[in-house]
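**Student:** Input: one structure, supplied below.
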Amino acid sequence: MGQAFDSRGHAAGEMPRYRCHKEVWALKIASVHHHPPGCGDPVEVMLTPDDTRYAPFLVRREYVEKHHPVAGGYYVVYTDGYTSFSPAKAFEDGYTRI
């Protein structure tokens, strides 16, 4: 794991390793609601958080096309405002709630 290869496909050694130290805001996603077929070209998609203290919210189609969010994963917002999606295992292995 973490093996890098040169331009000829030969093993070039292990890649440098990094540890995450970012702080983010995130909500686990309970459901992703796409507009049904035939309703035109949807601009937004509804994400419903797993934590019922938070209301469902809309994300733009571009977000969905880029990140492909699915139920069980996390909607993530970085300190610079960038929004992303993380699969549950990757998020839960890399982040601890503060």
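The values are calculated or read from the model by the stated rules, or taken from the named source; none is laboratory data. Keep in mind it's a predicted model, so treat the numbers as computed, not measured. Positions of Cβ are backbone-derived with ideal geometry, glycine not excepted, and every protein chain shown enters the neighbour counts. These area figures cover heavy atoms from the full protein model, side chains too; ligands, DNA and RNA do not enter into them. Shrake-Rupley method; radii C 1.70, N 1.55, O 1.52, S 1.80 Å.
**Student:** Among the candidates Gly38, Gly9, which residue alone is at pLDDT below 80, more than 11 Å from the chain's Cα centre (by Cα) and open to solvent by 80 Å² or more (accessible area, probe 1.4 Å)?
**Tutor:** Step by step, each of Gly38, Gly9 is checked, and only Gly38 is at pLDDT below 80, more than 11 Å from the chain's Cα centre (by Cα) and open to solvent by 80 Å² or more (accessible area, probe 1.4 Å).
**Student:** Got a number for residues in segment 78-88 being more than 15 Å from Ala30 (Cα to Cα) and either in contact (Cβ under 8 Å) with a residue 60 or more places away in the chain or open to solvent by 90 Å² or more (accessible area, probe 1.4 Å) (or both)?
**Tutor:** Total meeting the criteria: 3.
**Student:** Among (1) open to solvent by less than 60 Å² (accessible area, probe 1.4 Å); (2) under 22 Å from Glu23 (Cα atoms); (3) not basic (Lys, Arg), where does Val64 come up short?
**Tutor:** The single condition Val64 does not satisfy is (2).
**Student:** On the basis of being modelled with pLDDT of 95 or more and touching a Ser or Thr at 6+ places or on another chain (Cβ under 7 Å), does Val24 make the cut?
**Tutor:** The answer is no for Val24.
**Student:** Can you run down the residue pairs with Cβ atoms below 8 Å, 6 or more apart or on separate chains, where the first is in segment 48-71 and of a type outside the set (Gly, Ala, Ser) and the partner is assigned to a helix (DSSP H, G or I)?
**Tutor:** Taking only residues 6 or more apart or on different chains, the pairs are Pro69/Tyr63.
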